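Participant: Pasting a structure below so you can have a look.
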Amino acid sequence: MAQTTIDVGVEGIAQSANNVVTEVEKVLVGKTNTVRMAVIALLSGGHLLIEDIPGVGKTTLAKALARSIRGEFKRIQFTPDLLPTDITGSSVYNQRTSQFEFRQGPVFGNVILADEINRATPKTQSALLEAMEEHQVTTDGFTRELPKPFFVIATQNTVEMTGTYPLPEAQLDRFFARVSLGYPNKESEVAILSQQRAASPIESVEPAITLEELSDLQATVREVFVHESIRQYIVEIVQSTRAGHLLYIGASPRGSIHLMRAAQAHAAMAGYSYVRPDDVKAVAKNILSHRVIPMSDSRSKGGSVEQIIDRLVQSIPAPVPEA
């Protein structure tokens, strides 16, 4: 692999992406790694799943990302009585024109916050997941394309599980990455109190890029070079999740694709035109942990899913760069 930095055609990725991170960090204090992972998912054209307790900044992250890319933000509060048409939209009869008119649902936006997605029924969940996969919705026999770029941030409360409909593995697999915000440390929480004294700091977030620029960045990220040895390395990591004694179900081939895309975005944000083994290692947990199912007793033997993924990654020899 030639050891060169990013070339002239894609040199703006690192600066633009890190400008987005900087803007989002104005309101999400002390969560650099999580913000960077969200931007990696955005650059890769994927969708993000956040599993965490209430009140740690999930909505703030989504709003700040939308403002930083000049995107239209829409929020969908998932509840048991939410219907698919409440997401996609429906046709309404206009008495004045004597015709049916389609009224867009909240899924027609650039950054969609699907809050507590596991509180809606599987049928309603599927309406959003179809939009995520196809970037379009079909209602009343008509297919309508969604705005581009289209980025979904779905949240799940990890504490209150009563009355929820957990996402099945096949649907979890469609999310590009999973993150958790967690509690802020003492210094960060003091900074949050200072920010919130007068008003919400979300108004301080400035646009870092436009939607058109984001679309160009997404296309350019896919041009980041992935050497054959790195592709083999990625596949070996994913296949190791299928062969161990601690995981009942391993990651799918979609996991391999998403791991490669995330590594490309991570490399570009670091200013490289090629993927390094360290790029793969840096994103593996967020890309793979929600795609696997641990054995019933693996938590006592092997720790958390993230720890298991960590050990599997470390067990695979990284390719050595060519001279």
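The values are calculated or read from the model by the stated rules, or taken from the named source; none is laboratory data. Keep in mind that this is a model prediction, so the values were computed, not measured. Because the Cβ atoms are built from the backbone with ideal geometry, glycine has one as well, and the counts that use them run over all protein chains shown.
Participant: Of 145, 101, 134, which residue is surrounded by fewer than 19 Cβ atoms within 10 Å (Cβ to Cβ), at pLDDT 85 or above and touching a His at 6+ places or on another chain (Cβ under 9 Å)?
Facilitator: Result: 145 is the single residue among 145, 101, 134 that is surrounded by fewer than 19 Cβ atoms within 10 Å (Cβ to Cβ), at pLDDT 85 or above and touching a His at 6+ places or on another chain (Cβ under 9 Å).
Participant: Restricting attention to region 257-271, which residues are surrounded by fewer than 19 Cβ atoms within 10 Å (Cβ to Cβ) and part of a helix (DSSP H, G or I)?
Facilitator: If the condition is that a residue be surrounded by fewer than 19 Cβ atoms within 10 Å (Cβ to Cβ) and part of a helix (DSSP H, G or I), then 257 is the only one that fits.
Participant: Right, next: Looking at 158, 143, 220, which one is within 30 Å of residue 316 (Cβ to Cβ) and in contact with a strand residue (DSSP E or B) (Cβ under 6 Å, 6 or more places away or on another chain)?
Facilitator: 158
Participant: Consider residue 151 carefully, then state whether it is at pLDDT 90 or above, over 30 Å from residue 93 (Cβ atoms) and among the aromatic types (Phe, Trp, Tyr).
Facilitator: Yes: the conditions hold for residue 151.
Participant: Can you name the residue in region 249-299 that is modelled with pLDDT under 90 and charged (D, E, K, R) and, of all such residues, is farthest from residue 173 (Cα to Cα)?
Facilitator: Going through the qualifying residues, I end up with 297.
Participant: Something else now. Here's a check for you: in region 131-150, which residue that is without any contact (Cβ under 8 Å) to a residue 24 or more places away in the chain and not in a strand (DSSP E or B) is farthest from residue 171 (Cα to Cα)?
Facilitator: Checked region 131-150; the qualifying residue farthest from residue 171 (Cα to Cα) is 141.
Participant: Output the number of the condition that residue 193 fails; it satisfies all remaining conditions of (1) of a type outside the set (Lys, Arg); (2) under 29 Å from residue 27 (Cβ atoms); (3) outside any helix (DSSP H, G or I); (4) free of Cβ contacts under 8 Å to residues at least 12 places away in the same chain.
Facilitator: (3)
This table checks each residue for (1) outside any helix (DSSP H, G or I); (2) farther than 20 Å from residue 266 by Cα; (3) among the polar types (S, T, N, Q).
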site	(1), (2), (3)
20	no, no, no
38	no, no, no
41	no, no, no
54	yes, yes, no
79	yes, yes, yes
85	no, yes, yes
